[in-house]
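The values are calculated or read from the model by the stated rules, or taken from the named source; none is laboratory data. Bear in mind that the values here come from a model prediction, so they are computed numbers and not experimental data. When we count neighbours, we look across all protein chains shown, and the Cβ atoms used for this are built from the backbone with ideal geometry, even at glycine.
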Amino acid sequence: MKKYKPVICRDGFTMSIQAGVGMYSRPRTFSAEHYQEVEIGYPSAKESLILEYAEVPSTPTDTVYAYVPVHIVTLVIAKHGGMVSGEVPPGVIVLPA
């Protein structure tokens, strides 16, 4: 099972982005060449762009976010200054920080 390293953005925002079997992603396989939706877990701050996908919206930093479209993940990373470290599943486009 592939576990992607947490994403750290230029402004310090962090989140886990996972995809595969047992995850809230599409497709739900480990060998996908491109994911359309991924699971985000435990962001370091409340993020309005993903709040609608939260399992428990009342605790935005202590919950997972199911089936988040990869284009939304790309926007979140860009909003926070780009990714300085971490890994993303195939399909998430990350511009240089």
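Scanning the stretch 1-15 for residues being surrounded by 13 or more Cβ atoms within 10 Å (Cβ to Cβ) and within 16 Å of residue 90 (Cβ to Cβ) gives a total of 2.
Does any residue of the stretch 29-44 turn out to be of a type in the set (Gly, Ala, Ser), in a loop (DSSP other than H, G, I, E, B) and surrounded by 12 or more Cβ atoms within 10 Å (Cβ to Cβ)? Within the stretch 29-44, one or more residues are of a type in the set (Gly, Ala, Ser), in a loop (DSSP other than H, G, I, E, B) and surrounded by 12 or more Cβ atoms within 10 Å (Cβ to Cβ). The residues on offer are 73, 56, 21, and the sole one that is exposed (fewer than 12 other Cβ atoms within 10 Å of the Cβ), of a type in the set (A, V, I, L, M) and not in a strand (DSSP E or B) is 56.
So, in the stretch 79-88, exactly how many residues are buried (at least 16 other Cβ atoms within 10 Å of the Cβ) and either at pLDDT below 95 or closer than 15 Å to residue 45 by Cα (or both)? Residues flagged as buried (at least 16 other Cβ atoms within 10 Å of the Cβ) and either at pLDDT below 95 or closer than 15 Å to residue 45 by Cα (or both) within the stretch 79-88 amount to 1. When you check residue 91 against the structure, is it surrounded by fewer than 17 Cβ atoms within 10 Å (Cβ to Cβ), out of contact with any Leu (no Cβ under 7 Å at 6 or more places or on another chain) and assigned to a loop (DSSP other than H, G, I, E, B), yes or no? Considered against the rule, which asks whether it is surrounded by fewer than 17 Cβ atoms within 10 Å (Cβ to Cβ), out of contact with any Leu (no Cβ under 7 Å at 6 or more places or on another chain) and assigned to a loop (DSSP other than H, G, I, E, B), residue 91 comes out as no.
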